[in-house]
Amino acid sequence: MRKYEAFYIVKASLADNEVQQIADKFKGVVEAQGGTVEKAGKWDKRKLAYEIDGNKEGNYILMLFEAGAKVPQELNRQMRISDDVIRHRIFLREDV
């Protein structure tokens with residue numbers, strides 16, 4: 001099991017409860033694959049550095065989790081096909 005950090009941006013037009021549903025959905029993907037989520041939640045709504053697909057703002061979400069090597073691949077696939085996710089990155093965390 002390795003520690004990962006998933007950082008993603010969803011559309012700013014979504015309501016807070018919709019943003020939370022998306023965060024819960026991706027948390028569920030990790031847990032269904034046998035991983036554990038340390039922390040997951042909305043950071044802030046912020047202006048993007050540049051316009052992405054017509055979006056000038058986005059809701060930033062951070063999720064810290066621990067899982068096997070296949071889980072980030074599945075999470076990446078799910079985020080890529082989601083219409084609500086503007087951008088995403090999954091990082092391997094170094095032990096602190």
**Study point:** Relative contact order of the chain, defined on C-alpha pairs under 8 angstrom at six or more residues apart (%)
**Key:** 46
Study note, to complete from the structure: Sorted on mean Cβ neighbours within 10 Å (highest first), peptides 66-77, 81-92 come out as 66-77, 81-92
Point to revise | Spin-label proximity, Lys42 to region 58-96 - amide N less than 17 Å from point 7 Å beyond Cα toward beta carbon | key: 58-63, 84-87
Review point. Quick one, which of [x] 95; [y] 173; [z] 113 is the actual volume of the Cα convex hull per residue in Å³ calculated for this model?
Key: [x]
Review point. For the Cα atoms of the chain, what angle does the longest principal axis make with the long axis of helix 70-81, in degrees from 0 to 90, nearest 10?
Key: 20
Check your understanding: Given H placed 1.01 Å from N in the peptide plane, which residues other than close sequence neighbours of Arg87 have an amide H under 5 Å from its amide H?
Key -> Ile9
Point to revise | 5 angstrom amide H check on Glu38, placed H, neighbours 5+ away | key: Leu64, Phe65, Glu66
Point to revise | Table column - 3J(HN,Hα) (Hz), region 32-39, Karplus curve with 6.51, -1.76, 1.60, x for Gly and Pro | key: 5, 8, x, x, 10, 9, 7, 7
Point to revise | Within the chain, helix-based [θ] at 222 nm, where runs of 4 or more DSSP H residues each add -39,500 (n - 2.57), nearest 500 | key: -10000 deg cm²/dmol
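Every read-out reported here was derived from the displayed coordinates using simple, explicitly stated rules and does not represent laboratory data. All values reported here derive from a predicted model rather than from experimental measurement. Every residue, glycine among them, receives a Cβ derived from its backbone with ideal geometry; neighbour counts consider all protein chains shown.
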